[in-house]
1. Any residue that is within 11 Å of another protein chain (Cβ to nearest Cβ) and at positive phi - is there at least one of those in region A:168-189?
2. Residue check, A:Asp225 against (1) at pLDDT below 95; (2) farther than 30 Å from B:Thr284 by Cβ, all met but one. Which one?
3. Can you tell me how many residues within region A:279-291 are at the interface with another protein chain (Cβ under 7 Å from one of its Cβ atoms) and either more than 20 Å from A:Thr181 (Cα to Cα) or surrounded by fewer than 16 Cβ atoms within 10 Å (Cβ to Cβ) (or both)?
4. Any chance you could count how many residues in region A:267-305 are under 25 Å from the mean Cα position of the chain (by Cα) and among the polar types (S, T, N, Q)?
5. Within region B:170-194, track down each residue that is more than 15 Å from the chain's Cα centre (by Cα) and within 14 Å of chain A (Cβ to nearest Cβ).
6. Looking at A:Thr222, A:Thr187, A:Thr231, can you tell me which residue is touching a helix residue (DSSP H, G or I) at 6+ places or on another chain (Cβ under 6 Å) and not aliphatic (A, V, I, L, M)?
7. Could you tell me whether any residue of region A:311-320 is at negative phi and either surrounded by fewer than 19 Cβ atoms within 10 Å (Cβ to Cβ) or at pLDDT below 95 (or both)?
8. Could you check region A:338-358 and list, in sequence order, the residues that are in contact (Cβ under 8 Å) with a residue 24 or more places away in the chain, over 14 Å from A:Gln188 (Cβ atoms) and facing another protein chain (nearest Cβ under 10 Å)?
Amino acid sequence: AVVSTQSTGRCSDCFGGTSNQPLHTNDYTNIKISHVEGIKDHFLSVSWDDGHSGIVPISETGAYGNGYKRTPSSRYYDLSLRKNAVQTFWDTPTNEVIKRFEYSDVADDSDKLKEFLAHFMQYGLAFLFNTPQEPDDLLKILYNLKITPYWDNMFGILSKVSFQRDPTNQAFNNQRLAAHTDMPYYTQTPSAYFFHCVANELDGGESFWSDTFSAVKHIRDTEPDKYDLLTTILVPFRQYPKEWHMAGRYPTVELMGDDIYRVRDCCFVIDTYQFLRDYDAETRERWWQAYRTLRLLMEDPARTVQQKLGAGDLVLIDNWRVQHGRNAFSVGGAGGRRAMEVAYIEWSHVQNRLLKME
Amino acid sequence: MLGRLGASLNALSTRFSKNLQVRTNSTAQLTESGMLLDGRQLLHVETRNMCRCEKCLGKHSHTRPNLPFQGSNFPDVRAEEIGRVSDNFVSVRWSDGHEGLIARTFRGDYGPEPLASRVENLTDIIRRRNSEQIFWTGSNPEEQTKFWDWNWVVESSDNTREFLIHYIRYGIGFLTNIPLHLQMRDIVHDGLGIVRAIRKTVFAEVDLVRFQNNPTNAGYGTGGLPGHTDLAYYNQTPHVQFFHCLENTVDGGESFWVDAFSVIREMQETVPELVERLSDIPITFRYTPPGTGVFHLTNHPVVQFDKLNGDIHQVIDHPWSMDTAMFARTHPLETRIKWWEAYLHYRSLIEDGSRTYTRFLRGGEFVVLDNWRVYHGRKEFTWKEGQERVVATSYMDWNHMASRIMSTEVGDHVFLEIDQH
């Protein structure tokens, strides 16, 4: 009875027509249905013993509002909830994984944009080409695609990744960066980011990506003890450049029910000093072995998509799933530059763009 | 930088050349699995990962560039020799030929004071350990509802830190005497010094909560709002919440707050099986106001615990956005019966007036709230022409709050004192 009270309220006395929210939430007594009138379209007419008569939805269309509203496709719905059943784990880069979308197509056509976002959610990354190439254009791109608001973080709204002589982050040197996910030390590590190539004129510096979910699944299927360690041991992370101190502890792999949900893995910022204090040596030794197994898979070139991005290329990456890195590149010499810009987006905002009704 | 690096490496070589034999002492000993350092067993791979020399740890980034066992170069790196032992460091040589040093203390690993002592003393507070938090025991204990004077809080960094630590302990902090011309950014960025703080959501950077005809959200009406947490339909519900009362001249509309952690602790002691249901069973939250182009939904359990230590970690509870229809489709009846039993019991405690702190907020008053712990709500109010009730709200990531407490000040020296090793 209480459940039906909560799930009904689709009449205008109980449900806000402009908010799509219940107007009353504090009636938690044992109300019972006293009479059922009948079915009309998507609703069942009901009376309760508190004297109220209203309507109960009997379909998803009815449940989502006062009128008849289109609901998103179930595929989009499940992709936005990160359900493994609709994701495609990849251990080798297929043509579908590296499929490229034309920027003008997705910017001008909402259905094509949703297809692009659905592809991203299915594979964990998606490529756009022929985007605007000037510095700071990334924010304009996001505005045009209506994928906002973006997420301000310790690197700013727009992180500019280019070579620095005294780098405040490993990304700003010219060394090889092993595959990793970004900002694992955040309590709410960013879920998605746009990686925009403004210029890539130096030798080397190829970008590469690999699907951690595929690797984790492999470990789950072949070495379940190691899988357990990766999902239960909390790894401390710490990043403390000048005037910042970011720290947190999380398992390498997080689950949602039985689904692989999120991975945090950034070797540069593992806080080993704290790790010693959190766990005994035997537990840590077993974790390091499990972690090494994961890393060997992640660093296997056969599992990696590698590309030298060109100006105007843009990659949307699932930071909870796909690891990224880059090869070393040369600096100095006759000129040329390597300039990338990054903007982070909350998952809910990407989801919103995929599911919203126009 | 290269000159200093060269000098440091020369110094390290000197320290090893005087200690050709493996040193064993009570402070540092090599063992089969790694090193026993100050009574703590370190693994070989860990010692290599902990090297704090300038070659291994970026001077300006404080991050290392690679893994200790990366690729085929050093698959089984081992600590082979212990060199000089100083107050904060131990010199080590590894099987990959590298000579460096690892930290014995917080100071050695994190850097000079005051950062080292802040890390050592405040780590549990910024981790929101229940042992460091003070759960509310009544509706109006003086310390919990204390109003902090804005001018005192912003007078010094230490004062700001003290206020923020109070907020962490109680899940709420009140500020008063804020100049009326200050806006949210002025208060949070410039006043409290929390940079890049405000997190944009579907409600923009700052949401002005005031009466609207045809409200697109329950908050914009005049009705009472039972205790709740915000943005439950977000995949990552925001953690820190700011309320800035700009104007309040209506009748009614008192704000109130409840400590959900206190409720959960009581239920853990009296009805633990109900708490288990609230943490095991996720439910769907959804926000789809018509005609706005907004479509948010996600699944969360109402209660979450820290996986390492079992602490109460987060509550998510927003009755208006519970997608009960979807709940009925995704969970069997028996599960839902158990969940509702637990939830109704929980809500009856949340709505127990004896647990609630109520206050009529006045213009210039400011509340910092732990949206993962403390519920907020308001009583209904009547609105007449000429009256206003305007509360500006914003959200922030926890880490920016924690960073404000833990980080060094502008100009502080932060690099390790390895030259003194």
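1. Scanning region A:168-189 turns up at least one residue that is within 11 Å of another protein chain (Cβ to nearest Cβ) and at positive phi.
2. All conditions pass for A:Asp225, except number (1).
3. Keep residues of region A:279-291 that are at the interface with another protein chain (Cβ under 7 Å from one of its Cβ atoms), which gives A:281, A:284-285, A:288.
Checking which are either more than 20 Å from A:Thr181 (Cα to Cα) or surrounded by fewer than 16 Cβ atoms within 10 Å (Cβ to Cβ) (or both) leaves us with A:281, A:284-285.
Within region A:279-291, residues that are at the interface with another protein chain (Cβ under 7 Å from one of its Cβ atoms) and either more than 20 Å from A:Thr181 (Cα to Cα) or surrounded by fewer than 16 Cβ atoms within 10 Å (Cβ to Cβ) (or both) number 3.
4. Selection size over region A:267-305: 2.
5. B:Met184, B:Arg185, B:Val188, B:His189, B:Gly193, listed by residue number.
6. That would be A:Thr187, the only listed residue that is touching a helix residue (DSSP H, G or I) at 6+ places or on another chain (Cβ under 6 Å) and not aliphatic (A, V, I, L, M).
7. So in region A:311-320, the residues at negative phi come out as A:311, A:313-320.
Narrowing further to those that are either surrounded by fewer than 19 Cβ atoms within 10 Å (Cβ to Cβ) or at pLDDT below 95 (or both): A:311.
Yes, the conditions are met somewhere in region A:311-320.
8. So the first thing to find is which residues in region A:338-358 are in contact (Cβ under 8 Å) with a residue 24 or more places away in the chain, and the list is A:338-347, A:349-351, A:353-355, A:357-358.
Now drop any that are not over 14 Å from A:Gln188 (Cβ atoms), which leaves A:338-343, A:350-351, A:353-355, A:357-358.
Listed by number, the residues that qualify are A:Val350, A:Gln351, A:Arg353, A:Leu354, A:Leu355, A:Met357, A:Glu358.
The values are calculated or read from the model by the stated rules, or taken from the named source; none is laboratory data. A quick note: this is a predicted structure, and the numbers were derived from the prediction, not measured. Note: ideal-geometry Cβ built from the backbone for every residue, glycine included; neighbour counts use all protein chains shown.
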